[in-house]
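First comes the structure, then the notes that go with it.
What follows is calculated from the coordinates using simple rules that are stated; it is not laboratory data. Keep in mind the model is a prediction, meaning the values are calculated, not measured. Counting neighbours? That spans all protein chains shown, and the Cβs are built from the backbone with ideal geometry, glycine included.
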Amino acid sequence: MSASAPLVRGAHPLAISAGVALAAICCIALLAMLPGGATLAQQIVSGLMLGGIYVTVAVAFTLTIGVLNFLNFTIPTMFMLTGMVAWGLARWGLPFGLSGGLHWALALLGGIIVSIAASLVVERFTFRYLKTRHGDATEHAIPLVSSLGFLLIFEHLVLIVLGSEAQSFPVRFRLDWHLGPLVLGLPQLASLLLSLGIVFWLSWLLTSTRTGRALRSIAESPDTATLLGVEVTRIVPIVFLLSGLLCGVAGALFVVNYSDVSPFMGEHVGTKAIAAMVLGGLGSIWGAIAGGLLVGLMETLGIHFFGGDAAQVVVWSALLAAIVLRPQGLFGGTRIGKGKL
Amino acid sequence: MPDEVLLRLEGLTKSFGGLKVVDDVSFEVRRGARLGLIGPNGAGKTTVFNLISGVYPIDAGAITLDGRAIATLPPRDRVLAGLARSFQNIRLMPHLSAVENVMLGQHARASGLGALLTPISWMPRGRWRREAEALLAEAGLDIDPGEVVSALPYGIRKKIEVVRALASRPKLLLLDEPAAGLNPAETAELARFLRAIATTGTALLVVEHDMGFVNEVCENVVVLNFGRRIFAGTMADARLDPTVREAYLGAEEDPAHAA
Amino acid sequence: MSGYWAGILAILAINIIFAYGIFVTAAAGQLNLGGAGFMAIGAYAAAVLGEQLGWSPALTVPAATLVTALVGFAIAFPVLRTRGVYMVLATFAFAHVVTGVILTQPALGGAMGLVVPDYVDLPVLIGAAIATTLLVFWLMATRLGLAMRALHDDELVSTLMGVPARAVQVASFAIGAGLAGLAGGLYAHHFSFVEAQYFSALLSIYVLLFVLIGGTQTAWGPLVGATFFTVVPELLRIGGSWRYVVFGAIIVAMMMFRPEGIVTRTLLARIGFRRRRVADAR
């Protein structure tokens, strides 16, 4: 990563975000008070809530790309694994009849653990084997292709074990907070705040801890990092652990809020999260936040104005245009991680 | 009568970051000449090559090849104008065979849709392939031309790179450390080969650290140090020049005793 | 030939053509993760031309190929400005835009799909597959093919050898798109029905994966890859989702131990294509 686009930009990000959030809240409130603006304001709020989910997954993507130069297609699958495994655990309990149906919180925890485990399996069998041989044009894609292989493995194992039907997670919170003409789902608001909180925690991790600095140095230059004594082979799994955790949390929050789980939920969210990552800039966490919220907004408003399918076209076209016209997105630098280790 | 001077560099300058890697370098290569470009490590020799061949744009100065200003031409057009080069770290196409790498070098001469679309790999007796194999043979490479180069030993790959550069029948051949890593027998043979090439009219500009090799192959040398030209003349005079001696002694190399 | 194996052979023929479409761009160093989008363009072009203009397959299929190649040509310019992972994402996004547009156009059948007139039988598919195979072998044997393979290995040095990188990349992208379109047109007429949901992201992923498994160094690769993906699971009687679990596991293993794919040039040399020494040439 070039110095112009570190994973985390300095300059009191918390202050900037708080400012932006406050401004956004004021705008939405104003809009809600205008005649006829309430529906639009509601849509914007819903879009932001949805965006919160995308943010977390987008951050997982962007972290992996920023540090390791690896577009990990297994990430949306881990999101799906969390949801489906949680549902399975809640429905049937632990495998081999070790218990009956689990309490929903334990089931979600189980889902998150499986997500992290899956992520570490991917690390073990993709990244560790990567040796830069000739540096030809398609070599960068070797881990990407592996991740596609894992995508197939996990997705079809889920289809085999848990079926192909969409399901409902047994617990769903409905607690609405009526704020003037707006209806805020409290669980959704909580998710948004939780997602953002985790992402802020992550950026604190990257700036203020030793592990974080090690990760950023690898993103900057893996050779220099090794020279400086960073134990690359021990740090790299941490990236996978973090992305597994992020996907797990996103999956759990999604399940609690929307209750729908299916073996294909990863595809829907994954593609939006990729779009969010690109719009925000590959390798930039703040970009992933901005991108995630933006994509959530675009999708919700798009559906509101144009209908479901057209909204998809809008989002995908925006992504294609962004890649071609401004690949560095909003916050990204012109180069992403050189982390070929 | 064509101009005697084939390549003229005037005031060539290039900086990376704040560092001036090439600083106001000027020299000439005459048609059919053999010129050595020498200097301690980090003197900017490979960068000069990269500027001439168009890998980097110049910051200042001019490059003229056969009367034509090439400094603003894209790399591809410089090849078409008669320039070819080899690389310090071998950059052959690892998945192609020896003869295919050489035929790639012919690309600049094989213009036109017809040449582009003839199935040369199916024509072992075809003119391009036979020419490529002949070039390999002339270089003393007794190998299976169909062998994929990633399987070949270092010394042989180094030579194939030179042959590849020759395949475009250049007016000027830039060779970046062609003898690095070769054993004495291979080095001597390469020197013989290069002298033979020059008799056909191709000019050579050779970057090398092996002073014996430079002495064998080159008539004159240009010495760079810290990006500046500090000497131009014969090898013998270079050995005696105080600035040159200082440059080398400072870098643990004495041209009088090297090689 | 039993109906079952005839069906497999039909799918194999289409997969081979599709595979060559992805292979041509991959051999030149670019990964196209939007193959299904191009196949969809070809399929729908054939369907619409057959339905609206009443053209026979002898016309619709070549027209579909040409249309897809032109779209590939047009899209190559912006997409080839991107590199590496961006290029993968751009092609991925493009395929989604294509299916998205199809789904929103009632004239194209929307989510209901389109019925395609004029059935095309197995011999035609096999003939097309053979022709495509010969075409790509020939292409790889030309100087254009050599330039493509050189670009795959080292774009900078290829440029320094005089290869017009952008032109060759656009050509390989357009040719690849055209072949994917050909596969689509044949698919449309053989199965008599097209729907956007078939041309999914997973389809793009499958074809890229089995092309990479087969190997991108030589034109034998796609044959091996397509056969492996289409026929081997049938032979081993692996059904349904397990087929893809095994496929995924093989991908992971290949990337660990043999990322260049099954068929490589060194493998071909060892199988024993004639070896000659330079001295023999004189």
Dipole of the range B:77-132 [Lys/Arg +1, Asp/Glu -1 at C-beta], most positive-end residue of B:S97, B:G112, B:M123: B:M123
Residue of B:N215, B:N183, B:N101 that the Gaussian network model of chain B assigns the largest fluctuation, springs spanning Cα pairs under 10 Å: B:N183
Amide H contacts under 5 Å for B:L204, placed H, 5+ residues apart: B:A33, B:R34, B:L35, B:L173
Dipole in debye (nearest 20) - the protein assembly as shown, about Cα centre, beta carbon charges: Lys, Arg +1; Asp, Glu -1: 500 debye
Shielding of A:223-231 by partner chains, average beta-carbon count, 10 Å: 0
Cα-based reach from A:K272 at 16 Å (exclusive), listing aspartates and glutamates while leaving out same-chain residues under 8 positions away: A:E299, A:D309
Farthest positive-ward along the protein assembly as shown dipole, Cα basis, beta-carbon charges - from B:T200, A:A166, C:F210: B:T200
Gain on full stretching of the segment that runs from A:A24 to A:H268 - 0.36 nm per residue minus C-alpha separation: 85.2 nm
FRET E, pair B:A185, C:I238, Förster distance 41 Å, beta-carbon r, rounded to 0.05: 0.10
Listed residues C:A43, C:G84, C:A63: farthest to the positive end of the dipole of the protein assembly as shown (Cβ charges): C:G84
Most mobile listed residue (C:G37, C:G162, C:G225) in chain C, GNM with C-alpha springs under 10 Å: C:G162
Rough spin-label spacing in nm, given labels placed 7 Å along Cα→Cβ, for A:V161 and B:D59: 6.1 nm
A:L182 long-range amide H proximity, modeled H, under 5 Å: none
Chain A shape via C-alpha gyration tensor axes, a/c threshold 1.5: oblate
Out-of-range pairs (alpha-carbon distance over 25 Å; input B:K45/B:K158; B:K20/B:K171; B:K20/B:K159): B:K20/B:K171; B:K20/B:K159
Averaged over B:14-23, number of beta-carbon atoms from partner chains that fall within 10 Å: 0
Spatially proximal aspartates and glutamates relative to B:K14 (Cα-Cα < 13 Å; intrachain offsets below 8 disregarded): B:D23, B:D24, B:D59
Residue among B:P119, B:P178, B:P145 with the largest mean-square fluctuation in a Gaussian network model of chain B, springs linking Cα atoms under 10 Å: B:P119
In nm, spacing of pseudo-spin labels at A:L94 and B:A134 (7 Å Cα→C-beta vector): 7.9 nm
Karplus-derived 3J(HN,Hα), 6.51/-1.76/1.60, for each residue of the range C:27-37, Hz, glycine and proline x: 5, 8, x, 10, 9, 9, 9, x, x, 4, x
Kyte-Doolittle at least -1.0, axis length at least 18 Å by Cα - qualifying DSSP helices, chain A: A:13-33, A:37-68, A:75-92, A:104-125, A:142-162, A:186-208, A:232-258, A:265-280, A:285-306, A:308-325
Förster radius 22 Å - calculated FRET efficiency between B:F16 and B:Q88 (Cβ-Cβ, nearest 0.05): 0.85
Partner chain coverage, peptide B:103-110 - average Cβ within 10 angstrom: 5
Under the Karplus curve 6.51 cos²θ - 1.76 cosθ + 1.60, θ = phi - 60°, whole-Hz ³J(HN,Hα) for the range C:81-98, x wherever Gly or Pro sits: 6, 8, 9, x, 5, 5, 5, 4, 5, 5, 5, 4, 5, 4, 4, 5, 4, 4
Three-way shape call for the range C:9-50 based on the alpha-carbon gyration tensor, with the a/c threshold at 1.5: oblate
Overall form of chain B per C-alpha gyration tensor (a/c, 1.5; a/b vs b/c): prolate
Projected label distance in nm at A:L205 and C:L135, using a 7 Å step from Cα toward the beta-carbon: 5.1 nm
DSSP beta bridge pairing in the protein assembly as shown, given as percent antiparallel to the nearest 5: 65 percent
Likely footprinting exposure, C:H189, A:H178, fewest C-beta neighbours within 10 Å first: A:H178, C:H189
Amide hydrogen neighbours beyond the local backbone of A:Q167, cut-off 5 Å, H modeled: A:V261, A:S262
Size of charge dipole - the range C:3-199 - debye, nearest 20, with Cβ of Lys, Arg +1 and Asp, Glu -1, no other charges: 440 debye
Label zone at B:T72, where the point sits 7 Å out along the Cα-to-Cβ direction: the range B:1-34 residues whose backbone N lies under 19 Å: B:8-14
Those residues of the range A:166-198 whose amide nitrogen sits under 17 Å from the label point placed on A:M33, 7 Å along Cα→Cβ: A:179-183
Under the Karplus curve 6.51 cos²θ - 1.76 cosθ + 1.60, θ = phi - 60°, whole-Hz ³J(HN,Hα) for the range B:162-172, x wherever Gly or Pro sits: 5, 4, 4, 5, 5, 4, 8, 6, x, 7, 10
